[in-house]
Amino acid sequence: MLLTSSLFAGVLGAVVLLWNRSFVTLWVGDEHYAGMWVNLFLVLMAVQLLLIRNDTYLIDLTLNVRRKVILGFVSFLISSSIAVVLAPFLGVMGLCLGILLGRLVLTLAYPTLTGTFLGSSLPAQLRPLLRPGLLMGALFVVSAYIGEIASAKKWLHLIAYIGINVPLMFVAMFWGGFSAQQRTVLIRRVMNLTLKAQNG
């Protein structure tokens, strides 16, 4: 689940960073674009939430809902407190930082809970994500920078650019972000899902 989530988070996040400014400009005007840093942090928030969701589903299966709710409330308090302090000075960026920092509680605590159930320590869970995480970070930084320069003047151009970039980012993440063993796991996962879909 984590490998699959990392793969698609890296691909979609990089493409959003590349073309979100053009999308906003074509949709409502460039003056409504929040800026590169806000754009980057919004993508990081989405990736963080996606990874947290993986553990949430497992925690629900273990019926250990009480701890999940308590940790969620603690995370909410931290996020709200930080956002209230930073928002007057940093605006939307302050809200993003508050949410990211508050969710760090869940980012660390949820895998610990699931690790207890699965018999896997937190380092053991995070180690396979190191390589894809580093490549994802590099793609995000480069894409965020290029996204400030690249420009699609028409909707048709934007759709074409996204259509080209998605497979390129997929190849970069799949071959650069994962070991041969991890790629095999991902391929088997996709094949199993395809067979299940065909069988109804």
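Output the residue which, of all residues in region 130-150 that are under 14 Å from Leu51 (Cβ atoms) and crowded, with 19+ Cβ neighbours inside 10 Å, is modelled with the lowest pLDDT. Of everything passing the filter in region 130-150, Pro132 is modelled with the lowest pLDDT. On inspection, Leu95 qualifies as open to solvent by 50 Å² or more (accessible area, probe 1.4 Å), in a helix (DSSP H, G or I), under 30 Å from Val69 (Cα atoms) and in contact with a helix residue (DSSP H, G or I) (Cβ under 8 Å, 6 or more places away or on another chain).
Here Ser120 passes the criteria (1) open to solvent by less than 30 Å² (accessible area, probe 1.4 Å); (2) outside any helix (DSSP H, G or I) except the one numbered (1). Restricting attention to region 26-45 and to residues that are in a helix (DSSP H, G or I) and open to solvent by less than 60 Å² (accessible area, probe 1.4 Å), the residue that is farthest from Ala150 (Cα to Cα) turns out to be Met45. Restricting attention to region 46-74, and to residues there that are polar (S, T, N, Q) and either under 23 Å from Leu130 (Cβ atoms) or in a helix (DSSP H, G or I) (or both), which single residue is modelled with the highest pLDDT? Ranking the candidates gives Gln48 first. A search for C-beta distances below 7 Å between a residue of region 3-25 that is farther than 23 Å from Ala180 by Cβ and any residue that is of a type in the set (A, V, I, L, M) and open to solvent by less than 10 Å² (accessible area, probe 1.4 Å), counting only pairs 6+ apart in sequence or on different chains, returns Leu17/Ala144; Trp19/Ala152; Trp19/Leu158; Ser22/Ala152; Ser22/Leu158; Phe23/Leu158. The lone criterion from (1) under 21 Å from Val16 (Cβ atoms); (2) open to solvent by less than 60 Å² (accessible area, probe 1.4 Å); (3) not aliphatic (A, V, I, L, M) left unmet by Ser179 is number (1).
The values are calculated or read from the model by the stated rules, or taken from the named source; none is laboratory data. Please read all numbers here as calculations on a predicted model, not as lab measurements. Every residue, glycine as well, gets a Cβ built from its backbone with ideal geometry; the counts of neighbours run over all protein chains shown. Just so you know, the surface numbers come from the protein's heavy atoms only, side chains and all, with ligands and any DNA or RNA stripped out. Shrake-Rupley method; radii C 1.70, N 1.55, O 1.52, S 1.80 Å.
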